[in-house]
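Enquirer: Sharing a structure below in C-alpha cells format, with a few things to ask.
The values are calculated or read from the model by the stated rules, or taken from the named source; none is laboratory data. Everything numeric here is computed off the predicted structure, so don't read it as measured data. Cβ placement follows ideal geometry from the backbone for every residue including glycine, while neighbour counts extend to all protein chains displayed. The area values use the complete protein model at the heavy-atom level, side chains included, leaving out ligands, DNA and RNA. Shrake-Rupley method; radii C 1.70, N 1.55, O 1.52, S 1.80 Å.
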Amino acid sequence: MRLLGGSELVARGSTVNGVGINRINNIVQIHHSTSHDIITLPATAYNRINMLTTSFPSLVQHMSTSRVLGLYFASAWCPDCTPVTPKLKSIFENQPASDFSVVYVSSDNSEQQMMDVFQNQHGKWGMIPFGNFEERNNLKRHFGVCAGKEAMGLGMTTTRKYGIPTLVLIDCATQEVLTYDGVTDVMNGSLLQK
C-alpha cells in the first residue's frame, strides 16, 4: 500500500496494547522519503485494517489522514452527552487534523435531530450519514456501543458493552482500539495530552 506525499508510515503494533493516551505520539513514526512511499504494518494488523475499511467505508478518509480516530457514539436527546460534546469539540479544534479526527456515530431519533446537533455543536467532525443505517448499526454492533433503547432493535441485548456517550479511540495506523473510555479522558482534560 502506498501513501501520497513521500511518507513512510511505520506502525509498531506490539506496543499499542496497554499504551496510555498520554503516550499516543509514540505509537506511530512518520519518515519522509524521496525514493518511495511505503506503509509497513505488523502482520496482525493487516486483517483488522482490511476488515474495518471494507466494512466501514465512511471511516477510510479519516483513518488515512489522522493518527488517532475518535468514534463518538452519542445523541442530542441524551442528557449524559450534553457536557461531553462541547469539551470534545474544544479538544478537536485544538489538535491538528493530522493528529486527531472525530466521527459522530448517531443514536438520534431522526435525521433532522442529528443534523441540528451536528451543525450547531460538533464543528468540523465527520459523521456516519443518518440514512446509512447499515454502516451506523454495524459500527455499533462491532464496538458493542449503543443507547439502551436501541439494544433490542440492534440485537445487542446480550452483547452491548457500552452505552452513550462513548468515545472509542483508535490508532489509525494499526486500527487497534486504544480505549473505549475516551469520555473520561475528555472530562478530566487528559485526552491527547503529551
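Enquirer: Tell me, please, whether a residue that is out of contact with any helix residue (DSSP H, G or I) (no Cβ under 7 Å at 6 or more places or on another chain) and among the small types (Gly, Ala, Ser) can be found in the range 161-176.
Expert: yes
Enquirer: Which of the residues that make up the range 119-153 are in contact with a helix residue (DSSP H, G or I) (Cβ under 8 Å, 6 or more places away or on another chain), open to solvent by less than 50 Å² (accessible area, probe 1.4 Å) and free of Cβ contacts under 8 Å to residues at least 24 places away in the same chain?
Expert: none
Enquirer: Something else about it: Any idea which of (1) open to solvent by 30 Å² or more (accessible area, probe 1.4 Å); (2) assigned to a loop (DSSP other than H, G, I, E, B); (3) touching a residue at least 12 places away in the same chain (Cβ under 8 Å); (4) of a type outside the set (Phe, Trp, Tyr) is the one Thr158 doesn't satisfy?
Expert: The number of the failed condition is (3).
Enquirer: While we're on this one: I'm trying to understand the selection: among the residues of the range 88-116, which are in a helix (DSSP H, G or I) and surrounded by 15 or more Cβ atoms within 10 Å (Cβ to Cβ)?
Expert: Of everything in the range 88-116, those that are in a helix (DSSP H, G or I) and surrounded by 15 or more Cβ atoms within 10 Å (Cβ to Cβ) turn out to be Leu88, Lys89, Ile91, Phe92, Gln113, Met114, Met115.
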